[in-house]
Amino acid sequence: MYNNLEVSCNKYELFKPFEIKTKGIFPATRYQGSKNKLVKWIEYHTKQLSFQTVIDAFGGTGCVAHMFKSNNKRVIYNDILKFNYYIGLALIENSNVLLEEEDIKFILTKKADIDYPSFVSDTFKDIYFTDNENKWLDFVITNISYIKDKYKQALAYYALFQSCIIKRPYNLFHRKNLYIRTADVKRSFGNKASWDTSFDIYFRKFADEANKAVFSNGRINKSANADIFKLDDSADLVYIDTPYISQKGNGVNYLEFYHFLEGLTDYDSWEQKIDTNSKHKKIKSDNNIWNDKNKIAEAFDKLFKKYQNSIFVVSYRSDGIPSIDKLTKILSKYKKNIEIKQLDYKYVLSQKDLKEVLIIAK
C-alpha cells in the first residue's frame, strides 16, 4: 500500500549483545510509559540513519534523549510538563555541573534565618506522605529555590522527584491512598521498607545517580518546556513518543499521574492551580489534544506537517488510536519511505499480547 513499506518483528533477545556506548550512566526509571527498557532496541534501529541533530518531542524520562546524546548527536529535549523539563535540564542540557556534597548539605538542612512555609503540610495532609515527610518537603523545596545555578537546581529537583515517586504506592499520585503505606495489614504488593525509608537517604541516592548521568558530548544540547507545536527548533530527526490512547479510547494523562511533582516546580503558585473538587488535590488539567481519541489523528497530521523535512521515528503500540495503518497513511502524505519495526513486549498491568512498534519515515 505504501512505497517501500517494510514490516519486521524481532524478539528482544536478539538485542541483548548490543550495548549502548553510554558516556554517562542513565538511572533506572519509575515513570509510567518510560522507554528505558526499550532504548537499546530503539538505538539498534536508528543507528544507521543519517542525522546529527534530534528533537525528542515528548521527552518524558529523558532516556531516549540521553541515548542520542551518548551517540554524539545534538539533542533538543522537549516536554510540556515543567517537572520533566527540569529532568531534561539536569541530564541532557547539562554537560558538566554536579551536585556537590556542600550543595546536598545545604538542601537537607533547615536554616535558622529562613521562615519556612507549610503549604504541603497544610494542603496534602493524609493524602500522599506522613506529616513529618510533608514538613520535610516544605523546607527542602524552599532550600532548593535558593540555589542559583540552574543545573544544580535541576539536579536537586531530579533527586526530589525520584525520592517522592519511590515512596508512593504504584509510584503515582493518582489517588489519596497514604493508608496503603500506613495500615497495619498483610500486603500482596509493594515494599513497605522502601516506602518508609527516609527522604534524606533517597535524596542522596538519587542525587548520586543523577551526577553519574551527567556528561558532555561536545554538543550544545537543550531542554525545552513547550507545546510541541510552538517549539521553534528544527532537527534532522524528530523522535515522537506521544501519550498513549488505547482502543477503548482511554488516554494516558501524565499530569494526572504526576501533578504533585509539577506542583513542586511552582511551589509559590501551586495553590491557584489545584482542582478544589479533587479529593487528592490534583492540578487542574486543560483539554489535551493528545489525550482525545477524536483529535489525535489530526494532531499527528499537524506534527508531521510541521517537521516534514525531518526523519520521523515514532514509538507506538500495536493497539493504539489511531491504528498503525491509519498513522502510516497520515505519514505517507509527507514521506515516501516508511518502515515498521515490531517487538513482542510485555507491558506492566496488561494481560494482552501486544507489540511495541517503531515507525521510521524518511
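The values are calculated or read from the model by the stated rules, or taken from the named source; none is laboratory data. Computed from a predicted model, the values in this text were never measured in an experiment. Heads up, the Cβs are rebuilt from the backbone with ideal geometry, glycines too, and the neighbour counts pull from every protein chain shown. Side chains are part of the model used for accessible areas, which takes the heavy atoms of the whole protein and leaves out ligands, DNA and RNA. Shrake-Rupley method; radii C 1.70, N 1.55, O 1.52, S 1.80 Å.
Assess whether ILE144 counts as being closer than 14 Å to ALA210 by Cβ, buried (at least 20 other Cβ atoms within 10 Å of the Cβ) and in contact (Cβ under 8 Å) with a residue 60 or more places away in the chain. It would help to see each step written out before you state the result.
Details: closer than 14 Å to ALA210 by Cβ: yes; buried (at least 20 other Cβ atoms within 10 Å of the Cβ): yes; in contact (Cβ under 8 Å) with a residue 60 or more places away in the chain: no.
No, not satisfied.
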Quiz item: Of the residues ILE80, ILE114, which single one is of a type in the set (Val, Ile, Thr) and closer than 30 Å to ASN217 by Cα?
Solution: ILE80
Quiz item: What is the number of the single condition among (1) at pLDDT 95 or above; (2) within 29 Å of ASP115 (Cβ to Cβ) that ILE166 does not meet?
Solution: (2)
Quiz item: Is it the case that region 197-207 has a residue that's part of a loop (DSSP other than H, G, I, E, B), among the hydrophobic types (A, V, I, L, M, F, W, C) and surrounded by fewer than 16 Cβ atoms within 10 Å (Cβ to Cβ)?
Solution: no
Exercise. Tally the residues that are touching a helix residue (DSSP H, G or I) at 6+ places or on another chain (Cβ under 6 Å), over 30 Å from LYS335 (Cβ atoms), aromatic (Phe, Trp, Tyr) and buried (at least 19 other Cβ atoms within 10 Å of the Cβ), restricting the search to region 255-301.
Key: 1
Exercise. Output yes when any residue across region 285-302 is in contact with a strand residue (DSSP E or B) (Cβ under 7 Å, 6 or more places away or on another chain), polar (S, T, N, Q) and modelled with pLDDT under 95, and no when none is.
Key: yes
Quiz item: Out of all the residues in region 80-92, which are over 16 Å from PHE161 (Cα atoms) and touching a Phe, Trp or Tyr at 6+ places or on another chain (Cβ under 7 Å)?
Solution: ILE92
Quiz item: What is the number of the single condition among (1) closer than 25 Å to GLU356 by Cβ; (2) surrounded by fewer than 20 Cβ atoms within 10 Å (Cβ to Cβ); (3) among the hydrophobic types (A, V, I, L, M, F, W, C) that PHE304 does not meet?
Solution: (2)
Exercise. Test ILE340 against the stated conditions and say whether it is among the aliphatic types (A, V, I, L, M), within 28 Å of THR53 (Cα to Cα) and open to solvent by less than 50 Å² (accessible area, probe 1.4 Å).
Key: yes
Quiz item: Given the residues SER323, SER315, which is the only one that is within 25 Å of LYS47 (Cβ to Cβ) and small (Gly, Ala, Ser)?
Solution: SER315
Practice problem: Would you check if THR123 is modelled with pLDDT of 95 or more and closer than 24 Å to PHE173 by Cβ? | Solution: yes
